[in-house]
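Taking it in order: structure first as structure tokens, then the write-up.
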Amino acid sequence: MTKILVLYYSSYGHTSAMAEAVAEGAREAGAEVDIRHVPETAPDDVVKNAGFTGMPGHDEIEGPDALAQYDGIVVGSPTRYGRMTSQMAAFWDQTGGLWMKGALVGKVGAAFTSTASQHGGQETTLLSILTNLLHMGCTIVGLDYGFDGQMGVDEVKGGAPYGATTIAGGNGSRQPSEVELNGARYLGKRVADTAAKLHG
């Protein structure tokens, strides 16, 4: 059975909700899916003062070496100034040993993100994630236009050809819409389907 990892970081739960949707899509395609989060590296006082909600319901990943056991890896991070969070970057900065061994070459990779506004760096954050996956030798899957829910301007919605996205609003009050969650499900299914074809 194809094994997919959904690896994410979330401060306020938006990226966590997207991670669940990605996992649903991958499971729909018949994959075995694990959802894991990277460690929180922000100082305790920052976490408390900013009201971070943590990442309940999902285990922390055991370490970078765990990545090698999966056929596909879908990485999610909120944006920080148009790039992935320092928490996610710190995790990938520890993967040099995997890179040296080529341990992730040929695995399927994809990305998802959350931003406060429609133009808050969604695409650059996705690309900052995909750059790591490309350096690792992953075969990249995006949110292709087979998912037409991302088209149109009738409502506020995320979605980009580089990955699934949601928009949280300036105060974080907006939760992922059904369209955005469906985009995440579509991405998860595409990753699982592609991994099954490559590794089946």
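Bear in mind these aren't lab numbers, they're just calculated from the coordinates by the rules spelled out. For clarity, every value in this text was computed on a predicted model and none was experimentally measured. Heads up, the Cβs are rebuilt from the backbone with ideal geometry, glycines too, and the neighbour counts pull from every protein chain shown.
The figures follow:
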quantity: Positive-pole candidate from Ala23, Gly63, Met100, dipole of the chain, charges at beta carbon; calculated: Met100
quantity: Size of electric dipole in the chain: Cβ of Lys, Arg +1 and of Asp, Glu -1, about Cα centre, debye, nearest 20; calculated: 340
quantity: In Hz, Karplus ³J(HN,Hα) per residue of region 58-68 (6.51, -1.76, 1.60; θ = phi - 60°; x = Gly, Pro); calculated: 10, 7, 6, 5, 5, x, x, 4, 5, 4, 5
quantity: Cα gyration tensor shape of region 4-100, rounded if a/c is under 1.5, else prolate or oblate by comparing a/b with b/c; calculated: oblate
quantity: Alpha-carbon centroid distance for the pair region 1-79 / region 99-143, whole angstrom; calculated: 14
quantity: Calculated log₁₀ intensity ratio I(q)/I(0) where the Debye formula runs over C-alpha points of region 95-174, q = 0.22, 0.23 Å⁻¹; calculated: -0.96, -1.01
quantity: Burial ordering of Ile73, Ile61, fewest other beta-carbon atoms within 10 Å first; calculated: Ile61, Ile73
quantity: Sequence of Val141, Val47, Val191, Val74 once ranked by neighbouring C-beta atoms within 10 Å, starting from the fewest; calculated: Val47, Val141, Val191, Val74
quantity: Where only alpha carbons of region 3-199 are counted, the Rg and the Dmax (Å); calculated: 15.4, 47
quantity: Karplus-derived HN-Hα couplings along region 103-111 (A = 6.51, B = -1.76, C = 1.60, θ = phi - 60°), whole Hz, x at Gly and Pro; calculated: 5, 10, 4, x, 6, 8, x, 7, 9
quantity: Ser177-Ala50 FRET efficiency (beta carbon distance; Förster radius 22 Å; 0.05 resolution); calculated: 0.35
quantity: HN-Hα J in Hz across region 166-183 - Karplus 6.51, -1.76, 1.60, θ = phi - 60°, x for Gly and Pro; calculated: 9, 10, 8, x, x, 9, x, 6, 7, 8, x, 6, 5, 4, 5, 5, 5, x
